[in-house]
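S.K.: Can you read through this structure? Questions will come right after.
The values are calculated or read from the model by the stated rules, or taken from the named source; none is laboratory data. Being a predicted model, the structure only gives us computed values, none of them experimental. Counting neighbours? That spans all protein chains shown, and the Cβs are built from the backbone with ideal geometry, glycine included.
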């Protein structure tokens, strides 16, 4: 009976650990499946690059690292960074707009005249 009391919590603990590990594996596989040419990625070695091509037969990815093309196994990709277009498509918020009025042409002319006058005064004082 004492052995049974000890085994039940251990079995339950193992079940939940295995379940969370399967969730992580599924999420990682979804990330790797969503990888497309043009995506920015980071390898497990810390190398940053852009996906140039994906070979599903050999399960490899060719990365463009500033003009140098390197071939990696798909499993060596740690993270896939979304491209700018994917980020904007996923975001629902609208960027804030700047509603401040632009300075009028007259104000710009006045600023220029004031600058010219101050420059002339400096020139005269130097003479």
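Here is a yes/no grid of residues against (1) assigned by TED's automatic domain parsing to the domain that holds residue 83; (2) surrounded by 12 or more Cβ atoms within 10 Å (Cβ to Cβ); (3) modelled with pLDDT under 90:
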residue: 26; (1), (2), (3): no, no, no
residue: 41; (1), (2), (3): yes, yes, no
residue: 45; (1), (2), (3): yes, no, no
residue: 50; (1), (2), (3): yes, yes, no
residue: 53; (1), (2), (3): yes, yes, no
residue: 58; (1), (2), (3): yes, no, no
residue: 61; (1), (2), (3): yes, yes, no
residue: 71; (1), (2), (3): yes, yes, no
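S.K.: Another question, if that's okay. Output the number of the condition that residue 83 fails; it satisfies all remaining conditions of (1) modelled with pLDDT under 90; (2) in contact with a helix residue (DSSP H, G or I) (Cβ under 9 Å, 6 or more places away or on another chain).
M.R.: Here residue 83 clears every test but (2).
S.K.: Then there's this: Being assigned to a helix (DSSP H, G or I), under 21 Å from residue 71 (Cβ atoms) and free of Cβ contacts under 8 Å to residues at least 40 places away in the same chain is the filter here, so list the residues in segment 1-41 that pass it.
M.R.: Matches in segment 1-41: 28, 29, 33.
S.K.: To continue, here is another question. Among the residues of segment 10-24, are any loosely packed, with under 10 Cβ neighbours inside 10 Å and under 18 Å from the mean Cα position of the chain (by Cα)?
M.R.: no
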